Amino acid sequence: MIYFKKILRYALPYKRYAFLNIFFNILYAVFSALSFVVLMPLFEVIFKTDEKIVYEKPVFEGFTSGMEYLNNYFNYYVSTIIGENQEKTLLFVVVLIVVIFLLKNIFGYLSFYYITFLKNGVLKDIRNDLYHKTISLPISYFSEKKKGDIMARIGPDVIEVHYSFLSILELIFRDPIMILITIISMLSASVKLTLFIFVFVPFAGFIINIIGKNLKKTSDKVQREQGTLLSLLEETLSGLRIIKGFNVEKVFHHKFEKSTSKFEQFSNKLMIKTQLAGPVSEILGIMVFCVLIWYGGNLVLIEKTIPPAVFIPFLGLAYNIITPAKSISKASFTIKKGNAAAERILAILETENPLQDSENAIHKEDFISEIEFKNVSFKYEDDYVLKDFSLKVPKGTSVALVGQSGSGKSTLANLITRFYDVNNGSIIIDGNNVKDIAKKSLLGLMGIVTQDSILFNDTVSENIKLGKQEATTNEVMNASEIANAHEFINELPKQYETNIGDGGNKLSGGQKQRISIARAVLKNPPIMILDEATSALDTESEQLVQTALEKMMKNRTSLVIAHRLSTIQKADNIVVLRKGIIIEQGKHEELLAKKGEYFKLVTMQTLQ
């Protein structure tokens, strides 16, 4: 229950609904027990003989004779107040039955009404916290996790906790209250019979516990496989073009079938174990009930220590325990499933973010002098991608990073933005270590344009305004003009209000990239990071995008990671990397004259 205890803290803002639920559950339990306690004495009054008529008000002689007192009191009330008129007596009984059951159901509905607000409020808050935590975790976290698994935790796992949460509240409040009030009523009828019943209750609980022992483990397997299945589906939809292009539909279909078969296998085991809860608890309840009839019958018919008028309502009360006991056993099974889901949810919520702001983090509003990479070393896993890397980037200059794949170019972009932290060395902006600058403040100084134009299923305008949420229409248009995007946007069906589809799939590669540039231009940051921004484009699109980039980079400090060397010839400093080490740096003409590594790269691309 340790995981559910942590989840229960989400109920605190909704404690008012919890108290109202408990209050109406108590009333529901009272009237449920009362329906059995009252009906039997009333029916006895209806069919009473002259000997059963009571004209003297009965005296309460103690808790253990409470049932008999209640029986005599109803007899007295009907006999003296209503009289011997059978028609009036019958009408009184009918009205009382209707009132009792009406109140019972009203209170039952009100308890459910208030628990609904608590349940759905908790569901909303958990989802919000999961989403907030997910987007606040570092990029490195997601390189080790499957997207589908994270989706499963925010989706099906939260739903499982949602249902289990209702079960645990029933387990804690409604059903135990009903059982408690019923037991009190049973004790008032016969202490001996009540104690006899509870000799068998621990035995029944022991059997139910054995059945549910492995339920959490099985549930965890089901939820893990569901994450695998969702991850495979997400990968399939993202890579559908490749799957079709390479005719590997059968390969992925086989993977999906393998995953669904495992899911089916685990789900069958889980459902079979879960469904055992109802039948087992009912059979055990009926067994206890039958033993009670045998033992109580002996007390009534042979020993004659309990009157029949007490034994009959006692049987009704004993049977009334079976339903909530059955609910508790089912709830305990559901909670074991939910506990596994809660564990997976908390695994995300309690993940420590290694890239936290320091206690005295500064909020930097502008960029003044220079960026310095000072003896930076970094590795993703075992091998260092950067080794003792040092470089200064003065304000207003553009530095291009070139080299073969795996030389550490994109890693530098990840480090300056603090998507990752350096293992050794430091990155300094205006004399401040980036670790000492608040992350939001640090990223506020930078604009990022990547190779993959990441756009969202929204309008052109909303995608551009991610750079500046409060931007006016004119500001959006001006940014688009600088990015060479205004012309093609005006040709779209609804211009800036055109929805561009999932990932911007209604646009060409060049159009998507120019919207990405417009977004960065609108942000108007002092530092611009371009990570192979033109490498995925055709020649015509590249020229349009390159023109847009040159406009954007004017009077800005730029860190350009380039694959196509034609795009960085005007850079103030070109840095050539090999396996994380600087082997050359200088202007385009200087490096060509050296006829070193840069000359070889240019020659390979036939750009001389």
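The values are calculated or read from the model by the stated rules, or taken from the named source; none is laboratory data. From a predicted model like this one, the values you see are computed outputs, not experimental measurements. Counting neighbours? That spans all protein chains shown, and the Cβs are built from the backbone with ideal geometry, glycine included.
Points to keep in mind about this one:
- Only one of VAL94, VAL161, VAL78, VAL98 that is at pLDDT 75 or above and over 22 Å from PRO324 (Cα atoms): VAL98
- Close pairs from segment 462-481: first closer than 23 Å to LYS440 by Cα, partner surrounded by fewer than 16 Cβ atoms within 10 Å (Cβ to Cβ) and aromatic (Phe, Trp, Tyr), Cβ under 7 Å, at least 6 apart: ASN463/PHE456
- Restricting SER410, SER453, SER426, SER461 to residues that are among the hydroxyl-bearing types (Ser, Thr, Tyr) and surrounded by fewer than 17 Cβ atoms within 10 Å (Cβ to Cβ) narrows the list to SER426.
- Tally, over segment 438-480, of residues that are of a type in the set (Lys, Arg) and either modelled with pLDDT under 80 or assigned by TED's automatic domain parsing to the domain that holds SER508 (or both): 2
- Residues of segment 455-507 that are closer than 23 Å to MET528 by Cβ, more than 29 Å from the chain's Cα centre (by Cα) and of a type in the set (S, T, N, Q): SER461, THR472, ASN474, ASN478, SER480, ASN484.
- Complete set of residues in segment 361-419 that are among the β-branched types (Val, Ile, Thr) and in a loop (DSSP other than H, G, I, E, B): ILE368, THR397, THR417
- Number of the condition not met by ASN414 [criteria: (1) more than 16 Å from PHE373 (Cβ to Cβ); (2) in contact with a strand residue (DSSP E or B) (Cβ under 9 Å, 6 or more places away or on another chain)]: (1)
- Looking at GLU235, GLU225, just one residue is more than 27 Å from PHE314 (Cβ to Cβ), modelled with pLDDT under 70, buried (at least 16 other Cβ atoms within 10 Å of the Cβ) and outside the structural domain of TYR114 (by TED's automatic domain parsing), and that residue is GLU235.
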